[in-house]
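One structure is given here, and the rest of the page talks about it.
The values are calculated or read from the model by the stated rules, or taken from the named source; none is laboratory data. This is a predicted model, so every value here is computed, not measured. Cβ atoms come from the backbone with ideal geometry, glycine included; neighbour counts cover every protein chain shown. What goes into the accessible areas is simple: the full protein's heavy atoms, side chains included, and nothing from ligands, DNA or RNA. Shrake-Rupley method; radii C 1.70, N 1.55, O 1.52, S 1.80 Å.
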Amino acid sequence: MNAVALFDAVFDRAASGVPAAFTARHPSGGVLRFDPAVWCRDAVAGDATLLQRCTGPTLDVGCGPGRLTGALIEAGWPALGIDVSATAVRLARERGAVALQRDVFGSVPGAGRWPHLLLADGNVGIGGDPYRLLRRCRRLLAADGHLHAEFAPPGTPAWSGTAMVQTPGGVGSPLRWACVPLDDLAALAEGTEMRVRDTWTEAGRWFASLTPR
């Protein structure tokens with residue numbers, strides 16, 4: 001099973017009310033636990049502080065079932081979600097969000113013109129190389145745009161590369177991902193020509209806003 005098929009399967013299970021939590025284990029010993037059922041909710045504690053910073057058109061990278069994209073549209077802001085999972089995109093559209101099946105590293109509408117970009121729910125780990133991902137996000141943003149990203153809590157061991165996924169049905173596929181704690185933010189921003197504008201925590205979640213240099 002490849003990574004796209006994995007996410008299609010877990011989103012299908014979660015949307016049907018079937019337990020779909022899965023674990024990604026890195027050879028370094030790092031572990032991340034994901035629960036797609038949480039992403040299928042209408043809201044998660046801490047979302048409001050993230051969304052209130054999106055005061056214009058927003059690109060939600062790795063939008064999943066469209067929780068944040070839908071909330072922005074409901075609040076009256078133009079928003080587009082992108083995700084590699086066709087199931088996630090279908091679920092996002094069913095809740096009224098505008099979403100496309102796209103890879104952030106591929107062709108993305110509005111590249112270089114987005115005022116705001118979201119990397120929530122651990123999506124700063126997409127692709128297994130946070131430096132590559134943030135450089136890509138920088139190219140998607142307008143010159144005065146803002147990237148709002150969620151990080152692992154300070155003190156969490158950092159890792160990147162290929163992890164092995166374990167699903168409720170057994171071992172799934174290798175997954176290119178990364179765990180990026182807030183401790184690594186300064187180095188990540190410096191290495192991607194971004195500037196940290198703000199950091200905050202809410203409901204046990206850790207966030208930062210960055211702008212291109």
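Points to keep in mind about this one:
So that you can scan it fast, the table gives a plain yes or no per residue for (1) more than 14 Å from Arg33 (Cα to Cα); (2) at pLDDT below 95; (3) more than 18 Å from the chain's Cα centre (by Cα):
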| site | (1), (2), (3) |
| --- | --- |
| Ala152 | no, no, no |
| Gly161 | yes, no, no |
| Pro168 | no, yes, yes |
| Cys179 | no, no, no |
| Asp183 | yes, no, yes |
| Ala187 | yes, no, yes |
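- Within region 14-33, the set of residues being crowded, with 18+ Cβ neighbours inside 10 Å and farther than 12 Å from Leu91 by Cα comprises Ala20, Phe22, Ala24, His26, Gly30, Leu32.
- Unmet criterion (only one of (1) of a type in the set (S, T, N, Q); (2) open to solvent by less than 40 Å² (accessible area, probe 1.4 Å); (3) over 15 Å from the mean Cα position of the chain (by Cα); (4) under 27 Å from Arg138 (Cβ atoms)) for Gln52: (2)
- Residue ID - farthest from the chain's Cα centre (by Cα), chosen from residues in region 129-150 that are within 21 Å of Trp200 (Cβ to Cβ) and among the small types (Gly, Ala, Ser): Gly145
- Strands (runs of 3 or more DSSP E) contained in region 136-213 and holding at least 2 residues closer than 15 Å to Leu119 by Cα, β-branched (Val, Ile, Thr) and open to solvent by 10 Å² or more (accessible area, probe 1.4 Å): 194-202
- Residue count for region 61-89 satisfying the condition of being free of Cβ contacts under 8 Å to residues at least 40 places away in the same chain and surrounded by fewer than 17 Cβ atoms within 10 Å (Cβ to Cβ): 4.
- Within region 50-79, being closer than 14 Å to Ala120 by Cα and of a type in the set (A, V, I, L, M, F, W, C) holds for Leu50, Leu51, Cys54, Leu59, Val61, Cys63, Leu68, Ala71, Leu72.
- Tallying residues that are free of Cβ contacts under 8 Å to residues at least 40 places away in the same chain, within 28 Å of Cys179 (Cβ to Cβ) and either buried (at least 23 other Cβ atoms within 10 Å of the Cβ) or touching a helix residue (DSSP H, G or I) at 6+ places or on another chain (Cβ under 8 Å) (or both) within region 90-123 yields 7.
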